[in-house]
Amino acid sequence: MNNSQKRKIWDGFVRFYHWLQVLLLGGLWWSAEQARMELHMAMGLCLLSLILARIVWGFIGSSNAQFRHFIAHPKQAWQEFKLELKGKPAATAGHSALGAYMVIALISVLLLQLGSGLFISDDLFSEGPLYHTVSEQTSLWLKDLHHSNFNLLLGLVALHVAAIGWFTLKKRQLIRAMLSGYRHSPHSPAKLRNGFIGFVVFMLMLGTMTQLFGDYFVLDGL
């Protein structure tokens, strides 16, 4: 018997994090293409603050946002993948096992991308806030890493978008759920925390970045 009901599965901060991350990633790509490096650095620090807040939320946030609850054994992910191929998706109250691995992969690659960007220079007008704390050789190595890691990031984003597109065709309504917070599910509601707490954590992280690297948030010519 199908006892699926409309339940709230995503708290406000998880949804805020997801969509602001999408906007910032688009802005970072555009600013790099347009050589708007001041804007690129400011948005990078903002995204770093957001990801650090999400990591904190992964320990103190809603039950289905906590890393210890949604990281599954590889065998479970493999079984889930086989079910997907058979058209029998595993019902979950939050991230699926495959989705959880994608979250971890994206956070890890983004941390590497943003972290390396702190130590590099564009050789013309701008430098990362920690550029002078490392040797020139180390900075050049991190610059190469920043550029090559971007290709990995693009691959993960493309895979994620393709998966969401596939699930949308299958009428899984994942996008709607990430907008509204609600989805039909047979599972008991997740233990959600007030997303405003996560927003406060983000503002604290952003305030810390502003205190440390305030000059990079001052944009000329806007």
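The values are calculated or read from the model by the stated rules, or taken from the named source; none is laboratory data. What you see is a predicted model, and the numbers here were worked out from it, not measured in a lab. Cβ coordinates were reconstructed from backbone atoms using ideal geometry, including for glycine residues, and neighbour counts include every protein chain displayed. For the accessible areas, the whole protein counts, side chains as well, though only heavy atoms, and no ligand, DNA or RNA atoms are used. Shrake-Rupley method; radii C 1.70, N 1.55, O 1.52, S 1.80 Å.
Things worth noting here:
- Residues that are touching a helix residue (DSSP H, G or I) at 6+ places or on another chain (Cβ under 9 Å), without any contact (Cβ under 8 Å) to a residue 40 or more places away in the chain and on the phi > 0 side of the Ramachandran plot within segment 157-197 comprise just one, 173.
- Filtering segment 8-46 to residues that are touching a residue at least 40 places away in the same chain (Cβ under 8 Å), of a type outside the set (A, V, I, L, M) and outside any helix (DSSP H, G or I) leaves 8, 10, 11.
- Of the residues contained in segment 32-52, none is found to be at pLDDT 95 or above and either basic (Lys, Arg) or over 23 Å from residue 217 (Cα atoms) (or both).
- Taking the criterion of being of a type in the set (Ser, Thr, Tyr), within 16 Å of residue 112 (Cβ to Cβ) and open to solvent by 50 Å² or more (accessible area, probe 1.4 Å), the residues of segment 130-158 that qualify are 138, 148.
- Pair list, Cβ < 8 Å and 6+ apart or interchain, from segment 198-217 residues that are open to solvent by 60 Å² or more (accessible area, probe 1.4 Å) to residues that are modelled with pLDDT under 95 and of a type in the set (D, E, K, R): 216/38
- Filter pass, residue 192 being modelled with pLDDT under 95 and in contact with a strand residue (DSSP E or B) (Cβ under 7 Å, 6 or more places away or on another chain): yes
- Residue within segment 47-62 that is part of a helix (DSSP H, G or I), within 19 Å of residue 15 (Cα to Cα), hydrophobic (A, V, I, L, M, F, W, C) and open to solvent by 70 Å² or more (accessible area, probe 1.4 Å) present: yes
- Filter result for residue 161 (in a helix (DSSP H, G or I), of a type outside the set (D, E, K, R), out of contact with any Leu (no Cβ under 9 Å at 6 or more places or on another chain) and open to solvent by 40 Å² or more (accessible area, probe 1.4 Å)): yes
- One residue alone among 174, 156, 145 is more than 30 Å from residue 80 (Cα to Cα) and not hydroxyl-bearing (Ser, Thr, Tyr), and that residue is 145.
- Looking at 81, 119, 125, just one residue is in a loop (DSSP other than H, G, I, E, B), at pLDDT below 95 and either open to solvent by less than 20 Å² (accessible area, probe 1.4 Å) or among the hydrophobic types (A, V, I, L, M, F, W, C) (or both), and that residue is 125.
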